[in-house]
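The values are calculated or read from the model by the stated rules, or taken from the named source; none is laboratory data. None of these values were measured; they are calculated from a predicted model. Please note: Cβ atoms are built from the backbone with ideal geometry, for glycine as well, and neighbour counts cover all protein chains shown.
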Amino acid sequence: MRFHFVIRQSLLILFVLGSIAAFSQSTGNTAMGNEKQSGFVHMNELIKLYEQNRNSYPYKAIDYIKEAISIAELSGTDEIRCSVYNKLGNVYSDLGLNFLAMDAFYSSLKYAEGLDDPYAVPFCFIDIGNVYYTIDNNERSLEYYQKAIELLKSNNIKDGLAIPYNNIGLIKIKQHDYVSALKEFELSYTIRQEHGATSDMAHSNMLMSEAYLGLEQYNDAIAHLETAKALYEKAGDPKNQMITVSKMGEVYESEKDYPKAILLYQQALDYFETTNDYMWIVIENRNLAKVYQKTEQYNKAISHAEAALQSSRANHYSQYLVEILKILADTHYKNKQEDDAYYYHDMLINVSDSLQQVNDNLQFANLQFSVETLKHNIEKEQLENEINKRKAVRNYIILIFIFISLIFLSVLFRFLKKRKQERNRFLQKEKIAAVKLQEKEVENDELNKELEQRNKELTSKTMGIVKNAEFINSVIEELDDLVVNRETKAKIRSIIDKLSHNQKEDSWEEFEIRFTNVHQDFIEKLNQKHPDLSPNERRLCAFLRLNMTTKEISSITYQNSKSIDVARYRLRKKMQLSRETNLISYLSSF
């Protein structure tokens, strides 16, 4: 009897709990429905704002689409989630943020796998392959393109095959296999021609022109670009029409027909400036700067390169900075504006180092991401196996669950309460750690800025000392020319000796003070490694640490260039450096 009583009590409690849940759900359906509808409307508005800002203000577009993702995660379907993550990946790709793009496309793929849409998964594979193509991982890129082709063929989606064929062709171009690339592009064009897709046919013609350009068959390249331009005009696509015009400029530039190239680049630039398409504004200004440099129109080249630099910085298109800074440095040098050339050369070095560091970080992140993806797949497989096992025994534990439901609910409540408390403590610790990390990052940024400013001041003051020394030398030479008799000669010689001695000591003292302020540990580390160096050798090491030329060292030390070269040779010998070791690079390691 007691056994049946316990069963009845357990069933009664479960029935009451179920009734309460059903009642709560029925009363909340209307409110939840209205809230969900409002969320969809707002999400669509955010997606429209993303589309409007993607080309002109990409970082604004990122904010809009991230907010849309947060809504989609709460109340959207898998189809919507797949779409918004894909949009996020596209704008990250535009900005060259490849690791973030990869993460977004994998998220899109996760939701695509649950859809009935036969296009969803293969096109996610194509997007992932595109990111691997961008980071020069051609093997992985081809792997994903082939996966897409196999899926599209298995689903009998012939029109979708054109895109992976095109992308494989682009890999062949990167490998300078232009004949194979042309075959892939022609295969893609045939598919698109069968389906009458005007814009897609234009795109295939543009790609074929790239292959002909690589083969130096310029007339064929121009012919395909003319066809692409006409097709884009027919499709009512002015942006791609102007991109085609720019590509024609590249062909004429390769042909060394610079006037035509300039005309076409300028035409494209004028259009993109009216549409505020900043990425293409950067590209066209860069193209014009290159051509004007080749035609020795240096002022125009500088003007366009500076415009490209300004737009790149303002819109965070860091992928173009190195090339633009190199153009500016080279053009100023050819235009005999050496100070400006050195300025942009120094900026180029700093930017190159920064981008290399970012690239190294991204490569590590990509490797880490691959490991995490593999781990996720293993965990997913284990979870699926576990679910299958649970399904097999589910029917056998239903009666047991009824008996322990009351105990379970009590334990669960305590467990959840404890877990919530632990989570709150964990989040609080994380918040404190994040604040400390942010403070540390701000402190490091300030220290880096201060060090950079000190380096600039040291370089500026050193060059001032060099120029002052050169001026004193010129005065000494003029005094030498004034010698007329023995008495005058003796007096002037005395003045020259004092001037040389005082200038030499003053120059070194001022240089030593400023150098020590910026590079406090250099002399100390140098003495630890090479304690037998003389004071003059330590001075020479300091000059070389600043990458000063032999002429500049000669001016500041009042020694001829040959003496400096001999001193450098003796210094290398005393340090026991091999011929392969660069002395300046070695000193920079201290």
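Taking the residues in the range 37-73 that are touching a residue at least 24 places away in the same chain (Cβ under 8 Å) and among the small types (Gly, Ala, Ser) as candidates, determine which candidate is surrounded by the most Cβ atoms within 10 Å (Cβ to Cβ). Out of the qualifying residues, it is ALA68. Contact annotation: residue pairs with Cβ atoms under 6 Å, 6 or more positions apart or on different chains, pairing a residue in the range 579-590 that is within 12 Å of ASP521 (Cα to Cα) with a partner that is surrounded by 10 or more Cβ atoms within 10 Å (Cβ to Cβ) and among the aromatic types (Phe, Trp, Tyr), are PHE590/PHE522.
Only one of these is surrounded by 10 or more Cβ atoms within 10 Å (Cβ to Cβ), in a helix (DSSP H, G or I), basic (Lys, Arg) and modelled with pLDDT of 70 or more: LYS418, LYS456, LYS461, LYS467. Name it.
LYS418
One residue stands out in the range 540-567 among those that are more than 40 Å from the chain's Cα centre (by Cα) and of a type outside the set (S, T, N, Q): the one that is surrounded by the fewest Cβ atoms within 10 Å (Cβ to Cβ), namely LYS562.
Only a single item in (1) surrounded by 11 or more Cβ atoms within 10 Å (Cβ to Cβ); (2) out of contact with any His (no Cβ under 9 Å at 6 or more places or on another chain); (3) at pLDDT 85 or above is not met by TYR344, and it is number (2). With respect to the conditions (1) surrounded by 23 or more Cβ atoms within 10 Å (Cβ to Cβ); (2) closer than 26 Å to ASN86 by Cβ; (3) not β-branched (Val, Ile, Thr), ASP200 falls short on a single one, namely (1). Somewhere in the range 571-581, is a residue assigned by TED's automatic domain parsing to the domain that holds SER474, more than 40 Å from the chain's Cα centre (by Cα) and under 28 Å from ASN468 (Cβ atoms)? Yes, the range 571-581 has at least one match.
Do we find that SER209 is more than 30 Å from PRO238 (Cβ to Cβ) and modelled with pLDDT of 90 or more in this structure?
So SER209 fails the test.
Going residue by residue through the range 134-143, is there one that turns out to be within 30 Å of GLU79 (Cβ to Cβ), part of a helix (DSSP H, G or I) and touching an Asp or Glu at 6+ places or on another chain (Cβ under 9 Å)? The answer is no; no qualifying residue exists. The criterion of at least 1 residues that are among the basic types (Lys, Arg) is met by the following helices (runs of 4 or more DSSP H) wholly inside the range 174-270: 178-195, 218-235, 238-254. Residue-level check: of (1) out of contact with any Ser or Thr (no Cβ under 8 Å at 6 or more places or on another chain); (2) in contact (Cβ under 8 Å) with a residue 60 or more places away in the chain, LEU544 misses just (2).
Is it true that SER180 is over 25 Å from MET242 (Cα atoms), of a type in the set (S, T, N, Q) and touching a Gly at 6+ places or on another chain (Cβ under 9 Å)?
Yes; evaluated as a whole, the condition is true for this residue.
Taking the range 104-119 as the range and being within 9 Å of ASP78 (Cβ to Cβ) and buried (at least 20 other Cβ atoms within 10 Å of the Cβ) as the test, the residues that pass are TYR111, ALA112. Do we have ASN276 as under 20 Å from TYR57 (Cβ atoms) and over 20 Å from the mean Cα position of the chain (by Cα) here? Considered against the rule, which asks whether it is under 20 Å from TYR57 (Cβ atoms) and over 20 Å from the mean Cα position of the chain (by Cα), ASN276 comes out as yes. In the range 303-320, the qualifying residues are those that are surrounded by 18 or more Cβ atoms within 10 Å (Cβ to Cβ) and more than 13 Å from the chain's Cα centre (by Cα), and the one that is modelled with the lowest pLDDT is SER311.
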